[in-house]
Amino acid sequence: MTADAQNDPAVRRAQEERLRAVWEPPKGWFFRWTDCNNNRVGNWYVLTAFAFMLFAGVLALIMRTQLAAPDNDLVSASTFNQLFTLHGSMMMFLFAVPMFEAVSIILLPSLLGARDLPFPRLSAFGYWSFLIGGVFVSGSIFFNAAPDGGWFMYPPLTTRKDLSGLGADIWMLGLSFIEVSSVAAAVELIVGVLKCRPPGMRLNLMPLYAWYILVVAVMILFAFPPLIAGDVLFEMERLLDWPFFDTARGGDPLLWQHLFWIFGHPEVYIIFLPSIALFAMLVPTFARRHLLGYPWIVLAAVGTAFLSFGLWVHHMFATGLPKISLAFFSAASQAVVIPTGVQIFCFLATLWAGRVMWSTPLLYATGSLAIFVIGGLTGVMVAVVPFDWQAHDTYFVVAHLHYVLIGGTLLPLFAGLYYYWPLVTGKKLSDRLGRTAFWIMFVGANLTFFPMHFSGLMGMPRRVFTYPAELGIGGLNLASTAGAYLFAAGVALVVIDLALSPTRPKARRNPWDAGTLEWLTLPESENWGVRSIPLIESRYPIWDQPGFVRNVDEGRYFLPDAEEGRRETIVTTVLDARPLQVVRLGTPSVKPMLTAVALGGVFILTTYHLYWLALLSGLATLALVLAWLWTGTAEIPEKPCKPIGHGLELPLYISGPSSSGWWAMFITMMADATAFSGLVFGYYFYWTVHPAFPPSGAGLDGPGIAWPMAALGLTLASWAATVAAREIHARGRIALTRLLLVAAPLASLGGLAAGLAGPWVTGLDPTLHVYPAIVWTLAIWTTAHNGIGAIMQVYTLARSLAGKMTPTHDADLRNITVFQHFLALTAIVTYLTIAWFPEVA
């Protein structure tokens, strides 16, 4: 299609009709839920996360009512324990992180000028996993079975079955399932930012929101897996009596605290940085100028993420750690102020230098900064070790936490809600109701949490369901309760505003006169995203590129049509966004939903010790994943290339490091390797805390050297066969490739058997002491990957035999080679550790 042809309105109308037909959502009461378009899935995500937030807010109001007066008996201690555990868990796992991912799933395609993100079915799978896991965890309170050990679930209180009931399993397995959806969304967002930017959008031209999404999604990859590793150890102790946290048998509860807070502290920044990202989008719009300090903000965001992984111990100052550790982590905790301050001062400087248009979104943004700064200042106070020892586990920390989260997450999300509501619905929210709600919430938040600083310093501990009148904090608690209800009234006003939105007229396009790509969206939103994928020359193309909006709307840029009736977008290079490929996207399907249901069954049935049914559910999950991959990935196109406009022609199939699939596998394996490193950390942690590790005696000696070395040799042989198959296949020798793909899984299965034989033959008893337990865990982790690797190799062989893989269409083989690289590394670390470290120690 030439540029001149786009002058013909009839041609443009025909293109639009084809695009509209291709991107039409499924209809029907059931099939509408099989959609995977990120706009629709993102909306489901947002509504579900918002509903969980409201539910958690109601739980908080019940708690505040209980604490309004001394010696109150509205709820029992047991119920109160469930309330504060579920409130914290839901706000963190079911609202803050999912809401950030939901907003990103909606905004990112528009921000990047893409038709959609590269794996829309993965987004749908993530949503259904989130919904099932969230309902399972939050619904437990209606059966008096909610978790009651706090949102951090410290052992041994929570690992001992005589002290905690089924709620601990529900928390652990339910939220582990939700973590799967978080990691899935992170993979989608990272690949989307790196590979689906429009031509010309180099890294230094990316919208800041995309930068923040990239940083935060990478943080999720490295923060959540240690918690997954901790979950594995936790559940193995509860279900199998393997004593990872039982001091009588060599375990140590502090290991859980390390693994939890390696996740838990970055978690605060995972939910804070996306809020800053919203500021980065709306501040330039209302300052009517480019954002000042763009490179400094990017560096500060990366610096904040880096530092956040070095702060986890400041949650453990009171556990008796060495003084050198306390000094280091205290200094690191205070250093995070520097990059945070850089970002805030850049926003203030932009407002100072611009022509500010005060609006409801900007009101929320500036108000939230004020609250966040108070939380930041008290954060510096608790980063000082002597002060932390005084305030630890008191309501002072509750006040600090909520100032940070309300100022750093909740109010910025309301700013984003009022800013982006016209983008999602085509209608503006009420300025009058929005400003009224803001002031009610602003006063309510301060009335609730500021008195807690004093009640904490006066001796009120956290997580108590009542307190004596003699403590003299009844008035402060009554004020906090009144503030909580006031804050809830403000939230209710926002809900009313949202409910009235359908009755209001459509707003004009780009009602805030913003300069970034997402505002190309029309009030009558089309599911295809942008009409044509633009060429980007500026950070604010709507402001800076003449005729930009008209050219996009008239299809004068790239990929303005859908001639073959397929959903497509452009894949570009990571650094400078040069066009590489036209990628065909997944269409609506029931498979993501069914896969989430089957995988949810594994976690939920295991919670109730229905192991055989859980195994069947696991097999169903495997079958569905294979069917999903077989029918929906690495499709060989009907032609090699496709013109996309302006004389450019792009391939429809690429493989290896240029493809989005290869990147998805690589990023997933990074998360997997991080979880594995959490388990290895556990092994060496026990070595540091025991004067004699490993111990010796009956059931404790093993796994020897021979079997682990055999397992390592067979695993490396499987890896070498896969790499050789990839190279030989590229040379067109298909028969030899298939022969290697027969040998590779056999070697992998041999590695699996040998890996388990070591601890089995030597009689290591995992219930006797933590040493055999951690050896068994490392062996099981590695051999499970052997099994998955063998399935991948057989799957690739089947693809070759079915004619779905050729020497020029080899994405399957190249992607499983990435898995094999990580498996080989895992095997080297595992078998050298369990075989040779006892000799060295």
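As a length-normalised measure over Cα pairs under 8 Å and 6 or more apart, the relative contact order of the chain settles at 16 percent. For a modelled paramagnetic label at Arg288, 7 Å from Cα along Cα-to-Cβ, the residues of region 343-370 in reach, with backbone nitrogen under 11 Å, are 354-358.
Provide Ile816, Ile496 ordered by accessible surface of protein heavy atoms (probe 1.4 Å), highest first.
Working: Ile816 10, Ile496 85 Å².
Ranked from most to least accessible, the order is Ile496, Ile816.
The residues packed around Ser359, meaning those with a beta-carbon under 14 Å from its beta-carbon, carry a net charge of +3 if Lys and Arg are +1 and Asp and Glu are -1.
Which distance in Å, rounded to a whole number, links the C-alpha centroids of region 543-584 and region 22-57? Result: 26 Å between the Cα centres. How big is the gap, in Å, between the Cα center of region 592-643 and the Cα center of region 369-445? Answer, in whole Å: 39. In this structure, Ala489 and Met381 have a Cβ-Cβ separation that, at R0 = 35 Å, corresponds to a calculated FRET efficiency of about 0.70. In this calculation the C-beta distance from Ser696 to Ile828 is compared with R0 = 25 Å, giving a FRET efficiency of 0.45.
Bridgeable lysines around Lys27 (alpha carbons under 16 Å apart, same-chain partners fewer than 8 residues away excluded) are absent.
Note that region 589-639 presents 53 Å² accessible area per residue, ligands and nucleic acids not counted, probe 1.4 Å. At full extension, Val590 and Ala482 could sit 34.2 nm farther apart than now, given 0.36 nm per residue minus the alpha carbon distance.
Our estimate of slack between Phe681 and Arg738, defined as 0.36 nm per intervening residue step minus the Cα-Cα distance, is 16.7 nm.
If R0 is 25 Å, what FRET efficiency do you get for Thr503 and Arg432 from their C-beta distance, rounded to 0.05?
Working: r = 15 Å, r/R0 = 0.60.
With R0 = 25 Å, the Cβ-Cβ based efficiency is 0.95.
Could you rank Glu638, Glu526 by how accessible they are, 1.4 Å probe, largest area first? Write down the numbers at each step before the final one.
Numbers: Glu638 120, Glu526 50 Å².
Order by accessible area, largest first: Glu638, Glu526.
Taking amide hydrogens as placed 1.01 Å from N in the peptide plane, the amide H of Glu568 sits under 5 Å from those of Leu585, each at least 5 positions away in sequence or on another chain. When Lys and Arg each count +1 and Asp and Glu each count -1, what net charge do the other residues less than 11 Å away from Thr633, Cβ to Cβ, add up to? Neighbourhood net charge equals +2. Less than 11 Å Cβ to Cβ from Trp256, Lys/Arg counted +1 and Asp/Glu -1: what total charge do the surrounding residues give? Neighbourhood net charge equals -3. Computed 3J(HN,Hα) for region 232-241, one whole-Hz value per residue from the Karplus formula 6.51 cos²θ - 1.76 cosθ + 1.60 where θ = phi - 60°, is 4, 5, 4, 6, 5, 6, 6, 8, 10, 6, glycine and proline marked x. With each label modelled as a point 7 angstrom along the Cα→C-beta vector, the Thr573-Ala720 pair spans 3.6 nm. Look at the alpha carbon pairs under 8 Å that are at least 6 residues apart: their mean separation over the length of region 76-224 gives a relative contact order of 32 percent.
Amide H to amide H, with H built 1.01 Å from N, Thr394 comes under 5 Å of Arg462, counting only residues 5 or more places away or on other chains. Region 473-496 and region 154-176 have Cα centres spaced 31 Å apart. With distances taken between every two different alpha-carbon atoms, the chain has a Kirkwood hydrodynamic radius of 28.4 Å.
Taking Cα pairs under 8 Å and at least six residues apart, what relative contact order does region 371-437 come out at, in percent? Don't jump to the answer; show the numbers that get you there.
Numbers: 40 pairs, mean separation 22.6, N = 67.
The value is 34 percent.
For Lys642, the lysines whose Cα falls under 22 Å of its own Cα, not counting residues fewer than eight places away in the same chain, are Lys195, Lys804. Between Phe837 and Ser658, full extension at 0.36 nm per residue minus the direct alpha carbon distance yields a gain of 60.5 nm.
With protein chains left intact and a 1.4 Å probe, residues in region 1-114 average 38 Å² of accessible area per residue.
The values are calculated or read from the model by the stated rules, or taken from the named source; none is laboratory data. No experiment lies behind these values; they were computed from the predicted model shown. Note that each Cβ is placed from the backbone with ideal geometry, even for glycine, and that neighbours are counted across all protein chains shown. Areas reflect the complete protein model, heavy atoms only, side chains present, ligands, DNA and RNA absent. Shrake-Rupley method; radii C 1.70, N 1.55, O 1.52, S 1.80 Å.
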